[in-house]
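The values are calculated or read from the model by the stated rules, or taken from the named source; none is laboratory data. As the structure is a computational prediction, the values presented were derived from the model and not from experiment. Glycine gets a Cβ as well: all are built from the backbone with ideal geometry, and neighbour counts include every protein chain shown.
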Amino acid sequence: MSQQRIFITGASSGLGAALARAYAAPGVTLGLAARRIEKLETLKGELEGRGSRVEVYSLDVTDRTATQQAIDRFVAVAGGIDLVYANAGVYQNCNPALGHVGEMEEVIDVNVRGAIYTLTAALAHMVQAKAGRLVIIGSIAGFKGLPGGVYSASKVFVRYLADGWRADLAEAGVGVTVIYPGFIATEMTGEGKDYPFLMPADQAARAIKGAVAAGKDEFMLPWQWRLIVPFLRFLPASLFARRF
Ligand SMILES: NC(=O)c1ccc[n+]([C@@H]2O[C@H](COP(=O)([O-])OP(=O)(O)OC[C@H]3O[C@@H](n4cnc5c(N)ncnc54)[C@H](OP(=O)(O)O)[C@@H]3O)[C@@H](O)[C@H]2O)c1
């Protein structure tokens, strides 16, 4: 399947920006969305230098109407959409004993509602074309209820969403891939160098691009987590308390 019209949320930094770089090539039209438009403009300049067509959108994915409008505008200029990445995400280290309800709301709004708005906006076009693929950035945190509030739960949500939608959309001709990164060096992991198996974002993006092109339903990276994750549920959550 040709994957040349690609929309990526959360493209102003980290994994989203690395994905944009991984796909940039002549003949590829990229739609890059995030709130920090100045970062997207800089990236646009870089990627257009490599022959890509790049459209940027100042977008808060928690705004359903704005998300639909951005994707509609992208489809109009690109002539369709082959791939959408629901990548925008936030982590807040919140403690339910201290309240932190606002922080929890932000995580749910961006990681859950934002993903649904992004995916359904693109789906409206993909179903019509009977082609396309949704890619959802989950996390290994979706395999274990980890301390830190609701981040882990938000990633469980998208994991199950992907499973369910894959069945729902099979007849519509739309594929669904869910990605489970371990630790990737981005703004989210910050300066932390001691995360296990920390992977550079560009390396992660290239691996994800390959898995998506191969039409994989699920992809976990780096590979070490494929050995560890099946045993995560047997470990006490307190083991992770200081890391998350
Ligand atoms: N880094 C890791 O170790 C790791 C591991 C597992 C999963 N992940 C997942 O990977 C994805 C990308 O994260 P990252 O590691 O690349 O972190 P990052 O560098 O902090 O990037 C997060 C991106 O999301 C965007 N974003 C946040 N809130 C948004 C909103 N309301 N509307 C639109 N965009 C918004 C940010 O852009 P603006 O601030 O400009 O809006 C930024 O581009 C997330 O879903 C994250 O949960 C990361």
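Looking at this structure, is A115 near the ligand (Cβ under 9 Å from one of its atoms), crowded, with 21+ Cβ neighbours inside 10 Å and among the hydrophobic types (A, V, I, L, M, F, W, C)?
yes
Which residue out of D163, D82, D72 is touching a Ser or Thr at 6+ places or on another chain (Cβ under 7 Å) and either over 25 Å from A214 (Cα atoms) or of a type in the set (D, E, K, R) (or both)?
Checking each option against the conditions leaves just D82.
Kindly establish whether E48 is in contact with a strand residue (DSSP E or B) (Cβ under 8 Å, 6 or more places away or on another chain) and crowded, with 16+ Cβ neighbours inside 10 Å. Lay out the reasoning, then the answer.
On the way: in contact with a strand residue (DSSP E or B) (Cβ under 8 Å, 6 or more places away or on another chain): yes; crowded, with 16+ Cβ neighbours inside 10 Å: no.
Judged against the criteria, E48 is not a match.
Determine if the range 29-39 includes at least one residue that is surrounded by fewer than 16 Cβ atoms within 10 Å (Cβ to Cβ), within 26 Å of F157 (Cα to Cα) and away from the ligand (no atom under 12 Å from the Cβ).
Looking for residues that are surrounded by fewer than 16 Cβ atoms within 10 Å (Cβ to Cβ), within 26 Å of F157 (Cα to Cα) and away from the ligand (no atom under 12 Å from the Cβ), one finds none in the range 29-39, hence no.
Residues in the range 175-185: is at least one over 12 Å from I140 (Cβ atoms) and hydroxyl-bearing (S, T, Y)?
Scanning the range 175-185 turns up at least one residue that is over 12 Å from I140 (Cβ atoms) and hydroxyl-bearing (S, T, Y).
Which condition number in (1) away from the ligand (no atom under 11 Å from the Cβ); (2) farther than 20 Å from A17 by Cα; (3) surrounded by 14 or more Cβ atoms within 10 Å (Cβ to Cβ) is the one that T177 fails?
With respect to (1) away from the ligand (no atom under 11 Å from the Cβ); (2) farther than 20 Å from A17 by Cα; (3) surrounded by 14 or more Cβ atoms within 10 Å (Cβ to Cβ), T177 is out only on (2).
Among the residues of the range 40-62, count how many are hydrophobic (A, V, I, L, M, F, W, C), closer than 13 Å to A17 by Cα and within 12 Å of the ligand (Cβ to nearest atom).
3
Can you confirm whether the range 211-218 contains a residue that is under 28 Å from V174 (Cα atoms), within 14 Å of the ligand (Cβ to nearest atom), at pLDDT 90 or above and part of a loop (DSSP other than H, G, I, E, B)?
no
Within the range 119-150, how many residues turn out to be more than 19 Å from A211 (Cβ to Cβ) and among the hydroxyl-bearing types (S, T, Y)?
1
Only one of A25, A18 is more than 21 Å from A121 (Cα to Cα) and either away from the ligand (no atom under 14 Å from the Cβ) or touching a Cys at 6+ places or on another chain (Cβ under 8 Å) (or both); which?
Exactly one residue qualifies, and that residue is A25.
Any residue at all in the range 88-98 that is within 14 Å of the ligand (Cβ to nearest atom), surrounded by 12 or more Cβ atoms within 10 Å (Cβ to Cβ) and more than 27 Å from G210 (Cβ to Cβ)?
Yes; the residues of the range 88-98 include at least one that is within 14 Å of the ligand (Cβ to nearest atom), surrounded by 12 or more Cβ atoms within 10 Å (Cβ to Cβ) and more than 27 Å from G210 (Cβ to Cβ).
Only one residue in T120, T189 is of a type in the set (S, T, N, Q) and in a loop (DSSP other than H, G, I, E, B), so which one is that? Don't jump to the end; show me each part of the working.
On the way: T120 fails: in a loop (DSSP other than H, G, I, E, B).
Result: T189 is the single residue among T120, T189 that is of a type in the set (S, T, N, Q) and in a loop (DSSP other than H, G, I, E, B).
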